[in-house]
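J.: Sharing a structure, written as structure tokens. Questions coming.
The values are calculated or read from the model by the stated rules, or taken from the named source; none is laboratory data. Keep in mind that what you see is a predicted model, and the values were worked out from it rather than measured. Heads up, the Cβs are rebuilt from the backbone with ideal geometry, glycines too, and the neighbour counts pull from every protein chain shown.
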Amino acid sequence: METYFLIIFFILGSIMGSFYHVVATRLSNDESIIFPGSHCTNCNHKLKWYENIPIISFIIQKGKCRNCNSNIPLSCLIVEIITGALFSVCFHSFKLSFDLIIALIFVSSLIIVIVSDIEYMIILDEVLVFSTLLIIVLYLIHYIFFMDYKEGLVELMVNHVYPGIGAFATMYGLKIFGDKLFKKESLGGGDIKLMFLFGLVIGYPLSLCTIFLATFIAFPISIYILFSDKENIIPFGPFLSMSAIIILISKIDINSILNFLIK
């Protein structure tokens, strides 16, 4: 039965991944995510349903538009596969539960962040605001279901909103310090806003852990850029997002991390 659900969530994730790529691309270019429908960006050919099947259509068409033979961005396939895999992993970690709903929303928003920041150097406010408000509302409904309104509101503030504010404030403090140290902008505003979402879902201590883990993941790429005579600016948002996803799906807690460091 679990295998069946893993397949279902992979299919669902690949479908959503295709949509998330569209959202990241269109919002980054100030375009509607609804109109026009799916089309080739080179010749504006409107895609038939069989040309728009996640993963399968890309493979059958060999990564090319059936109308003009132009290349379909490989990132479309990658996002579909990764999102499908992450949806399956989320199910494996949280089963059919309230936490699974939060995890899927969290992962979905970060997939869009990763795509938009890598391709356009933008972390979309619309995505952060929508996912943050949706998660807050879901948490509040969840708490109220088991408690009265006042107790539920207190739980929401203490367990999620305050940690989010703390993570946001800490990242903002690091930005001020980094700007003075390097005499230039060290962190983008999107990276700081992202931390509120992290604190909201994974808590304050683990949000700080994403900074260190993201720095560790980004280090080899930074070294490569440094010695390759390239002037590319490396967005930090994707590494923060990857780190947050790893921490979320691994279900690691801060005590385990502290015990590991001490030993």
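J.: Please give the helices (runs of 4 or more DSSP H) falling wholly within region 70-148 in which 2 or more residues are more than 20 Å from Leu200 (Cα to Cα) and not assigned by TED's automatic domain parsing to the domain that holds Pro54. Spell out how you get there, then give the answer.
T.: Values: elements: 74-94, 98-120, 125-146.
It comes to 98-120.
J.: While we're on this one: Name every residue in region 136-158 that is touching a helix residue (DSSP H, G or I) at 6+ places or on another chain (Cβ under 6 Å) and touching a residue at least 24 places away in the same chain (Cβ under 8 Å), in order of residue number.
T.: To start, the set of residues in region 136-158 that are touching a helix residue (DSSP H, G or I) at 6+ places or on another chain (Cβ under 6 Å) comprises 139-140, 142-144, 152, 155-156.
Listed by number, the residues that qualify are Tyr139, His142.
Per-residue answers, yes or no, for (1) loosely packed, with under 12 Cβ neighbours inside 10 Å; (2) modelled with pLDDT of 90 or more; (3) farther than 21 Å from Ile234 by Cα; (4) not acidic (Asp, Glu):
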residue: Ile114; (1), (2), (3), (4): no, yes, no, yes
residue: Glu119; (1), (2), (3), (4): no, yes, no, no
residue: Phe130; (1), (2), (3), (4): no, yes, yes, yes
residue: Val137; (1), (2), (3), (4): yes, yes, yes, yes
residue: Asp148; (1), (2), (3), (4): yes, no, yes, no
residue: Leu156; (1), (2), (3), (4): no, yes, yes, yes
residue: Tyr162; (1), (2), (3), (4): no, yes, yes, yes
residue: Lys183; (1), (2), (3), (4): yes, no, no, yes
residue: Gly188; (1), (2), (3), (4): no, no, no, yes
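J.: Can Ser57 be described as without any contact (Cβ under 8 Å) to a residue 12 or more places away in the chain and in the same structural domain as Ile11 (by TED's automatic domain parsing)? Full working, then the answer.
T.: Numbers: without any contact (Cβ under 8 Å) to a residue 12 or more places away in the chain: yes; in the same structural domain as Ile11 (by TED's automatic domain parsing): yes.
When the stated conditions are applied, Ser57 passes them.
J.: Give the residues of region 214-227 that are surrounded by fewer than 19 Cβ atoms within 10 Å (Cβ to Cβ) and touching a residue at least 24 places away in the same chain (Cβ under 8 Å), sorted by residue number.
T.: Of everything in region 214-227, those that are surrounded by fewer than 19 Cβ atoms within 10 Å (Cβ to Cβ) and touching a residue at least 24 places away in the same chain (Cβ under 8 Å) turn out to be Thr215, Ile217.
J.: Any residue at all in region 48-57 that is at pLDDT 90 or above, over 14 Å from the mean Cα position of the chain (by Cα), more than 22 Å from Thr132 (Cα to Cα) and not in a loop (DSSP other than H, G, I, E, B)?
T.: Checked region 48-57: at least one residue is at pLDDT 90 or above, over 14 Å from the mean Cα position of the chain (by Cα), more than 22 Å from Thr132 (Cα to Cα) and not in a loop (DSSP other than H, G, I, E, B).
J.: Being modelled with pLDDT of 95 or more and either crowded, with 24+ Cβ neighbours inside 10 Å or not in a helix (DSSP H, G or I) (or both) is the filter here; which residues of region 244-255 pass it? It would help to see each step written out before you state the result.
T.: Step one: of region 244-255, the residues modelled with pLDDT of 95 or more are 244-249.
Correct list: Ala244, Leu248.
J.: Now for a different question. Can you pull out every residue in region 131-185 that is of a type in the set (Gly, Ala, Ser), over 22 Å from Ile111 (Cα atoms) and in contact with a Ser or Thr (Cβ under 7 Å, 6 or more places away or on another chain)? If you could, list the steps in order and put the result at the bottom.
T.: At the first step, the residues of region 131-185 found to be of a type in the set (Gly, Ala, Ser) are 131, 152, 164, 166-167, 169, 173, 178.
Subsequent filtering for residues that are over 22 Å from Ile111 (Cα atoms) retains 152, 166, 169, 173, 178.
Within region 131-185, Gly178 is the sole residue that qualifies.
J.: Among the residues of region 1-45 satisfying the criterion of being among the small types (Gly, Ala, Ser) and assigned to a helix (DSSP H, G or I), which is surrounded by the fewest Cβ atoms within 10 Å (Cβ to Cβ)?
T.: Taking region 1-45 first, the residues among the small types (Gly, Ala, Ser) are 13-14, 17-18, 24, 28, 32, 37-38.
Checking the rest, the ones that are also assigned to a helix (DSSP H, G or I) come to 13-14, 17-18, 24, 28.
Values: Gly13: 28, Ser14: 23, Gly17: 28, Ser18: 23, Ala24: 26, Ser28: 18.
My answer is Ser28.
Table: residues versus (1) among the hydrophobic types (A, V, I, L, M, F, W, C); (2) under 23 Å from Asp117 (Cα atoms); (3) touching a residue at least 40 places away in the same chain (Cβ under 8 Å).
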position: Met1; (1), (2), (3): yes, no, no
position: Phe10; (1), (2), (3): yes, no, yes
position: Phe19; (1), (2), (3): yes, yes, no
position: Ala24; (1), (2), (3): yes, yes, yes
position: Glu31; (1), (2), (3): no, yes, no
position: Cys40; (1), (2), (3): yes, yes, no
position: His45; (1), (2), (3): no, no, no
position: Glu51; (1), (2), (3): no, no, no
position: Gln61; (1), (2), (3): no, no, no
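J.: Hey, can you tell me all the residues within region 107-140 that are among the hydroxyl-bearing types (Ser, Thr, Tyr) and more than 13 Å from the chain's Cα centre (by Cα)? Walk me through it before giving the result.
T.: Start the filter on region 107-140 by keeping residues that are among the hydroxyl-bearing types (Ser, Thr, Tyr), which leaves 108-109, 116, 120, 131-132, 139.
Tyr120, Tyr139, listed by residue number.
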